[in-house]
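Coordinate-derived values only; no laboratory data. On a predicted model such as this, the values are computed, not experimentally measured, just so you know. Every residue, glycine as well, gets a Cβ built from its backbone with ideal geometry; the counts of neighbours run over all protein chains shown.
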Amino acid sequence: MKSKNQEIIDVFNYRYACKKFDKNRKVSDEDFNTIMESARLSPSSFGLEPWKFLLLKNEKMKEDFKEFAWGAINSINGASHIVIVLARKGVTADSKHMEHMLEDVKKVPEEMKAVIKEKFGGFQEKHFKLLESERSLFDWASKQTYIVLGNMMTTAAYLGIDSCAIEGFEREAAEKYLSDRGILDLNEYGLSYMVSFGYRDEEQPVKTRQNLSEVFEIIE
Ligand SMILES: Cc1cc2nc3c(=O)[nH]c(=O)nc-3n(C[C@H](O)[C@H](O)[C@H](O)COP(=O)(O)O)c2cc1C
């Protein structure tokens, strides 16, 4: 029997950026729900979950996306599921989202709320300097969504499902397209990335990576 360690390494070697999907194979609801559950359960800075996920099912919209999402064309041409990942804008200590997370989701006692808000405010303002621009605040939220990306793709690979992360799109054009159709409120969210899931219809390329010794150093 395979060790757990080997099983994990095998999953990471199985995942690659799929360029050609089998049009005829669909990811089951059960498997897709598991991928989405791995997204939902992902960690985030201060546990603020500054994200939202859109499953792009509309075929006409998928075709339209090809115009400004060059990195998604291979996926649109055969992947079973395409997910658009949004990152929340304006998540500050005094934002509505912060209040929602503390009050409704985490059910933090009233006296603790002010303590957490103060800590988060200091972190944003002084330690990470996230309040310098709307962009730096958005990029912080966007970083959190990439934790989700890793989890979704690894979960998919564990289930024998292929995937492709997609940053290959003109962000403004894609955001405008979704906003014009009332799908995206640009005051609330921006587009972080897309990710597709399905089944490969090609040979997996040989994996190339730097050696661990090049990227890993021990501080004694
Ligand atoms: C955030 C991110 C964005 C990516 N964007 C695209 C993309 O738009 N189109 C594409 O075909 N591949 C995309 N890739 C795939 C990478 O090129 C690929 O992961 C990398 O070359 C390593 O190869 P591997 O994933 O096959 O091991 C993206 C990967 C990441 C992590």
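Things to note:
- If the segment from Glu172 to Arg135 were pulled out straight at 0.36 nm per residue, it would be longer than the present Cα-Cα gap by 12.0 nm.
- Extension gain from Ile73 to Ile183, taking 0.36 nm per residue of separation minus the Cα-Cα distance: 37.5 nm
- Cα-centre dipole for segment 114-198 with unit charges at Cβ (Lys and Arg positive, Asp and Glu negative), debye to 20: 320
- The stretch between Asn58 and Lys23, if pulled fully straight at 0.36 nm per residue, gains 11.0 nm over its current Cα-Cα span.
- Electrostatic dipole magnitude of segment 9-59 [Cβ: Lys, Arg +1; Asp, Glu -1; Cα centre; debye, to 20]: 320
- Note on the chain: along the principal axes its Cα atoms extend 55, 54, 34 Å, ordered by decreasing extent.
- Checking the cross-link pairs Lys89/Lys126; Lys19/Lys57; Lys126/Lys176; Lys23/Lys176; Lys62/Lys106; Lys20/Lys62 against a 26 Å limit on the alpha carbon distance flags Lys126/Lys176; Lys23/Lys176; Lys62/Lys106 as lying beyond it.
- When each of Lys52/Lys96; Lys96/Lys119; Lys2/Lys207 is checked by Cα-Cα distance, pairs over 19 Å: Lys2/Lys207
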